[in-house]
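Below is one structure, written out as structure tokens, with a few remarks after it.
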Amino acid sequence: MDVALKLWLVVAIVGVLNYLSRLSFIAIFARRQVPALLARAFRYVPAAMLTALVLPMVVTASGETPHVSLPRIAASLAAGVVAFFTRSTLGTLATGMAVLWTLQFALSHVR
Amino acid sequence: MRRIATDSDFRAGFVDMLPAALALAPFGLVCGVGAEAAGASLAGAIGLSAIVFSGAAQILAVQLLAAGAPLAVIVLTCFVAGLRFVIYSAAMAPYLRPLPARWQKSLAFLLTDQAFAAAVRRFDTGGDSHAAGRHFLGSGFALWAFWQVMNVLGYFAGNLIPAGWSLDFAVPLCFIALVAPHLRTSPTIVAALVAGSGVLALAALPMKLSLIVAGIAGIVAGTIADFAQERWTSR
């Protein structure tokens, strides 16, 4: 399948599925009670999905050959502490980037 | 349209979202760069950012496209990564119930991680839910508009950004900002630990299938831990 066609199919199908996810309880199941087990499982979706999404980006530097990147891990831990206490996206981003840049700069001068 | 653009609640929502929109600017650039690298046309890149409107799904889609993954795998991965919208939808539903159906359908489209956080804060301050709805529309629209600009900028000018800046690292940082505040209860920490160790242990699986398997394992583990904790404390 050609890439352009595949991309448009992704846009259409994922676009519809994502919108239905967003609309689900606001409109589609608005009048229905969520089953107790499902409601309980729901609580853990963000923590599980976001962690599974984020860890591979942190632990391995991007690229074809993954390798463990200590500056990224350290910067993520610092950013995580800021996020935990402040809930500020901007503060988290600034801390993480500042720590990463400092460590990268320091390491490039040590060697 | 002019009436809403001059509305004070809409404007307040728009302005309130600007710090978060600024924080998401590098993420938007990275999405644009990724779309260009995957061989998307400008229209395709804009279609992805304007309609799918989810950084996580966009990043996954372009990476899987570039890797030549089958359509079904791309769709399933993006859908599972977007399951958290169902949670946001369930949490927003009581707040939006007093609003007309047309408003509910529009606001649902603008439901993102950041807009959800801002909307819950605004609705929890109490008061008129219609005013809070206009505030949500303002913040959601601000993020949507800003996101399109950053995606297009990334598409055209992404290559001008030096690799030494490690701009791609802004993407995990945005998700850390979302997930870290969640980690306050034992079952949530269990869910994150199982999902996190799972995704690294299964990294060898092709086409990011590790994300789906580890994510679902984390959800199941968190739910079991929740039941266990309940039984423990009720004894």
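The values are calculated or read from the model by the stated rules, or taken from the named source; none is laboratory data. These numbers come from a predicted model, not from an experiment. No Cβ is skipped: glycine too gets one built from the backbone with ideal geometry, and neighbour counts run over all protein chains shown. Surface accessibility is based on the protein's heavy atoms, side chains included, excluding ligands, DNA and RNA. Shrake-Rupley method; radii C 1.70, N 1.55, O 1.52, S 1.80 Å.
Kirkwood-type hydrodynamic radius, chain A: 17.8 Å, calculated from all non-identical alpha-carbon pairs.
Note that the stretch B:111-116 has calculated 3J(HN,Hα) couplings of 6, 10, 3, 6, 5, 4 Hz, one per residue in order, obtained from phi through the Karplus relation 6.51 cos²θ - 1.76 cosθ + 1.60 (θ = phi - 60°); glycine and proline are x. Label zone (B:Trp232, point 7 Å along Cα-to-C-beta; backbone nitrogen cut-off 18 Å) within the stretch B:164-199: B:183-195. Phi angles across the stretch A:6-11 convert, under the Karplus curve 6.51 cos²θ - 1.76 cosθ + 1.60 with θ = phi - 60°, into 3J(HN,Hα) values of 4, 4, 5, 5, 4, 4 Hz, Gly and Pro given as x. Segment B:Asp124..B:Ala204, full-extension length gain: 24.4 nm, with 0.36 nm per residue of separation and the alpha-carbon distance subtracted.
Remark: spin-label model distance A:Ala4-B:Ala37 equals 2.3 nm, labels positioned 7 Å along the Cα→Cβ axis.
Around the amide H of B:Ala38, modelled in the peptide plane, lies no amide H under 5 Å away from a residue 5 or more places distant or on another chain.
Among the residues of B:112-122, the average count of other protein chain beta-carbon atoms within 10 Å of the residue beta-carbon is 1.
Could you run the numbers on buried accessible area between A and B, total for both chains, 1.4 angstrom probe, in Å² to the nearest 100?
Chain pair A/B: roughly 6600 Å² of buried accessible area.
Divided by 2.2 N^0.38 Å, where N counts the residues, the Cα radius of gyration of the stretch B:2-164 comes to 1.10. Each residue of the stretch B:77-86 was assigned a 3J(HN,Hα) from its phi angle through the Karplus expression (A = 6.51, B = -1.76, C = 1.60, θ = phi - 60°), giving 4, 5, 5, 5, 5, x, 4, 5, 5, 4 Hz with x at Gly and Pro.
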